[in-house]
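So the structure is just underneath, and the comments pick up after that.
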Amino acid sequence: MTLSEEAQDRLADVVELQPTKNGELQERWGMESGSEVHQYLENELGDYYFRDDNSLIRATAEAAELVDVEPGIESDPDDEGVPSKVRVPELQARIVAVLSGPDEESESVVSVLHKLRDEYDVDAEAEDVRSGLQSLRRKGVVEVEYRTVPTFRLAVERADLEVAVSD
């Protein structure tokens, strides 16, 4: 199956962002809805992606070889799937830098937002931080603890995780 240049670029996004959801791809691709993303995946990239047990979108091994992009997540095979390297957007990299460690008390989205503003002087919205935390959670980098509100902390020691910023 020969892919157009646009399809190759979008496949590279799937490889980079995996595991991902329709909403992340919708935002990246500038589409109107998650169903439009699903339709595009099925029609144009059907042979190169699959949904895992949690319905998250992942690229096939063939897709990763086809595009010249590093996967969004790499795991140490000896460490039961805990990521050792992630490629994420800049906001998510900054979240990793300020978020509580695995042995510290988890914190709310608002707490993380305030830390980001203090540390990086970013003008992020709470929803952007929440979305970033959830994306990092899907990658296995962040864990959630449900108290009065969901709270978050790193699932892996900061020193054991290499974070690269994607374009």
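Of interest is the spacing of the C-alpha centroids, which for the range 109-167 and the range 6-70 amounts to 23 Å.
Evaluated with a Cβ-only charge set (Lys, Arg +1; Asp, Glu -1), the range 24-74 carries a dipole of roughly 140 debye about its Cα centre, given to the nearest 20. Cross-link partners for LYS139 among the lysines, with Cα-Cα distance under 20 Å and sequence neighbours closer than 8 places in the same chain left out: LYS21, LYS85. Across q = 0.22, 0.23 Å⁻¹, the range 128-167 modelled as identical point scatterers on its alpha-carbon atoms has Debye log10 I(q)/I(0) values of -0.76, -0.81, in the order of the q list. For the range 17-167, the per residue solvent-accessible surface stands at 56 Å², with DNA, RNA and ligands left out and a 1.4 Å probe.
Shape analysis of the range 102-166 based on the Cα gyration tensor places the equivalent ellipsoid semi-axes at 17, 16, 12 Å, largest first.
Looking only at the range 12-167, where both bridge partners belong to it, what percent of the DSSP beta bridges are antiparallel (to the nearest 5)? Here the antiparallel bridges make up roughly 75 percent for the range 12-167. Computed on the Cα trace of the chain, the radius of gyration divided by the Kirkwood hydrodynamic radius gives Rg/Rh = 0.98. The GluC sites (Glu not before Pro) of the range 135-167 meeting both criteria, a DSSP state outside H, G, I, E and B (loop) and at most 12 other C-beta atoms within 10 angstrom of the site's C-beta, are GLU157.
The helix-based estimate of mean residue ellipticity at 222 nm for the chain, built from -39,500 (n - 2.57) per DSSP H run of four or more residues and divided by its residue count, is -13000 deg cm²/dmol to the nearest 500. Using Cβ point charges alone (K and R +1, D and E -1), the dipole size of the chain about the Cα centre works out to roughly 500 debye.
May I ask for the percentage of alpha-carbon pairs in the range 1-48 that lie more than 11 Å from each other? Result: 65 percent of Cα pairs exceed 11 Å. Contact order for the chain, expressed relative to its length and based on alpha carbon pairs under 8 Å spaced 6+ residues apart, stands at 22 percent. Computed in the context of the full set of protein chains, the accessible area of the range 104-143 at 1.4 Å probe radius has 39% of its extent on carbon or sulfur.
The values are calculated or read from the model by the stated rules, or taken from the named source; none is laboratory data. Keep in mind that this is a model prediction, so the values were computed, not measured. With ideal geometry, Cβ positions are generated from the backbone for all residues, glycine too; neighbour counts draw on all protein chains shown. Note: areas computed on protein heavy atoms with side chains; ligands, DNA, RNA excluded. Shrake-Rupley method; radii C 1.70, N 1.55, O 1.52, S 1.80 Å.
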